[in-house]
Amino acid sequence: MTEQLFFDTDCLSAFLWVNDQSLLAQLYPGRIVIPSQVYSELSRPSIPHLKARIDSMLANNEATVEGFDVGSDMYELYTKMTSDPDSGHRIIDSGEAAGIAMAKEKGGILASNNLRDIKQYTEEFGLKHITTGDILKEAYDKGLISEVQANQIWQDMLSKRRRLGYQSFTEYLSNNP
């Protein structure tokens, strides 16, 4: 089976905010996992349209929501990262921690834009990792979107205050060949 992708809040919301989550479904059919912590974060009453978009993905079998049991290895790792990390490690948000714990324990890929918070953990656990830029590049490479379309999506994401590290998709491409 092809590896599952475990999305943190920031990476998934970048696509939800601009209503382009269909790209995720096209690229990763049957592989999108939304940790229950991420689902909860994106289900806040102040952003009902994001929850509706996730619920549509779930109803169309484009994604699944998964949690973990108290006392499980995933839970223990999640708790450590969110409340009592090892010396030299930073506390991270619940969505990132859930994605990392699931990717580590299930052997999947972490989808996250917050490189500063996750880098130490992804290196320590040897996790595969992708960002919003990587996802758009894959969609571009597969011909699902043009460079013009990718730049428009990028600008739409930036206008929704998503932090992507570059001012345009074209700039991202030139720095990530």
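The values are calculated or read from the model by the stated rules, or taken from the named source; none is laboratory data. Small disclaimer: the values here were computed from a predicted structure and weren't measured. Don't worry about glycine lacking a Cβ; one is built from the backbone with ideal geometry, like all the others, and counts go over all protein chains shown. We work out accessible area using only protein heavy atoms, side chains counted, and drop any ligands, DNA or RNA first. Shrake-Rupley method; radii C 1.70, N 1.55, O 1.52, S 1.80 Å.
Within segment 130-145, the presence of a residue that is within 16 Å of W17 (Cβ to Cβ), open to solvent by 40 Å² or more (accessible area, probe 1.4 Å), not in a loop (DSSP other than H, G, I, E, B) and not β-branched (V, I, T) is excluded. Of the residues that make up segment 17-26, is at least one out of contact with any strand residue (DSSP E or B) (no Cβ under 9 Å at 6 or more places or on another chain) and more than 23 Å from R163 (Cα to Cα)? The answer is yes; a qualifying residue exists. So which residues in segment 37-91 are open to solvent by less than 40 Å² (accessible area, probe 1.4 Å), in a loop (DSSP other than H, G, I, E, B) and closer than 17 Å to A111 by Cβ? Result: L42, A63.
Would it be correct to say that I34 is in a loop (DSSP other than H, G, I, E, B) and open to solvent by less than 30 Å² (accessible area, probe 1.4 Å)? For I34, the condition - in a loop (DSSP other than H, G, I, E, B) and open to solvent by less than 30 Å² (accessible area, probe 1.4 Å) - is not met. The set of residues from segment 92-116 being open to solvent by less than 10 Å² (accessible area, probe 1.4 Å), within 12 Å of L77 (Cα to Cα) and not hydrophobic (A, V, I, L, M, F, W, C) comprises just one member, G99.
Looking across segment 17-31, the residues that are assigned to a helix (DSSP H, G or I) and either at pLDDT below 95 or surrounded by fewer than 22 Cβ atoms within 10 Å (Cβ to Cβ) (or both) come down to W17, S22, L23, A25, Q26, L27.
Against the criterion of being closer than 19 Å to Q4 by Cβ, polar (S, T, N, Q) and either open to solvent by 30 Å² or more (accessible area, probe 1.4 Å) or out of contact with any Leu (no Cβ under 8 Å at 6 or more places or on another chain) (or both), N151 does not qualify. A search for C-beta distances below 9 Å between a residue of segment 19-33 that is among the polar types (S, T, N, Q) and any residue that is part of a loop (DSSP other than H, G, I, E, B) and open to solvent by 20 Å² or more (accessible area, probe 1.4 Å), counting only pairs 6+ apart in sequence or on different chains, returns Q21/E62; S22/E62; Q26/K142; Q26/L144.
State yes or no: is K104 at pLDDT below 95, farther than 21 Å from Q26 by Cβ and among the basic types (K, R)?
Against the criterion (at pLDDT below 95, farther than 21 Å from Q26 by Cβ and among the basic types (K, R)), K104 does not qualify.
Remark: pairs (first residue in segment 50-71, closer than 10 Å to I34 by Cα; second residue assigned to a helix (DSSP H, G or I) and not hydrophobic (A, V, I, L, M, F, W, C); Cβ separation under 7 Å; 6+ apart in sequence or on different chains) = I54/Y39; V65/S36; V65/Y39; E66/S36; G67/S36. Assigned to a helix (DSSP H, G or I) and within 30 Å of S83 (Cα to Cα): is that true of Q120 in this structure? Considered against the rule, which asks whether it is assigned to a helix (DSSP H, G or I) and within 30 Å of S83 (Cα to Cα), Q120 comes out as yes.
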